[in-house]
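Report on the following structure.
The values are calculated or read from the model by the stated rules, or taken from the named source; none is laboratory data. If you're wondering where the values come from, they're calculated on a predicted model, not measured in any experiment. Cβ: placed from backbone, ideal geometry, glycine included. Neighbour counts: every protein chain shown. The protein model used for the area step is the full one, side chains on, heavy atoms only, and it has no ligands, DNA or RNA in it. Shrake-Rupley method; radii C 1.70, N 1.55, O 1.52, S 1.80 Å.
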Amino acid sequence: EIREAQGKVAYMAESGGLAERSGIEEFTWLCDLLGFHVAEVGPLPADDPFRAFLRDSLTRAADLARNLPTTRVFLLSLLADALPDDPAGEAAAKAALDKGREIVKGMAPRTSAAPAREGASLIAGHSVVGIENQTPYHLLVFVLGPEEFYVRLNPWSRGCAVLKNGSYDNAVIVTREGVTPYRGTRAYQDVARMEGYFIERTGGPAPEEE
């Protein structure tokens, strides 16, 4: 299954479809496929023959997506996760955070819903945040404040982060057209909390809570 996925990535990159300006569906498909690969396979060893191809393909795809800001950030985050020990992966991690910060600043803030579950963190000076993605979308959660980082979540998955206490600007973006991103401010003070965000489809049914 993994080699089949790698073969599809190779075919996608070599077919030239990514170079077409109207190729939003191709980008969406590639993001889904690469999201699966990174989540299931993880970082590749230095001698894996697919490593160089994955690095070059993701770098090229991110460059071609320069007019699709959220897609580009997502592709950079995948490159960072796939090759954390590679200079290209390290550069991609920084670029993903920098460009994500730009996207967040351009988003209108919304009122945050009260957390569904909350308790004490038991870690001095830090809070623990759990995030559950209950949507069919790949999500990037940006956390900007005393610390700045992002968490990438595959569909129907969970993640957890430990962060310094303080006030944070949080945002959730996806790589789907017609899905309204979320931005809100939240304060953390020695809490353990499950986060919830509203993801809306433009012209679609009621919002989905993540």
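Quick notes on this structure:
- Cβ-defined net charge surrounding Ala95, 13 Å radius [Lys, Arg +1; Asp, Glu -1]: +1
- Each of Arg60 and Ala39 was given a label point 7 Å from its Cα along the Cα-to-Cβ line. The distance between the two points is 2.6 nm.
- Computed label-point distance, nm, for sites Arg51 and Asp98 using a 7 Å Cα→Cβ extension: 2.5 nm
- Calculated P(r) of segment 136-175 - Cα pairs past 14 Å, %: 45 percent
- Spin-label pair Glu90-Glu148: with each label point 7 Å from Cα along the Cα-Cβ axis, the two points sit 1.9 nm from one another.
- Counting only protein chain heavy atoms and rolling a 1.4 Å probe, the accessible areas of Asp190, Asp169 rank, largest first, as Asp190, Asp169.
- Most tightly packed first, judged by the mean number of other beta-carbon atoms within 10 Å of their residues, the peptides 72-84, 129-141, 95-107 read 72-84, 129-141, 95-107.
- For peptides 85-94, 61-70, 119-128, sequence by mean Cβ density within 10 Å, most packed first: 61-70, 85-94, 119-128
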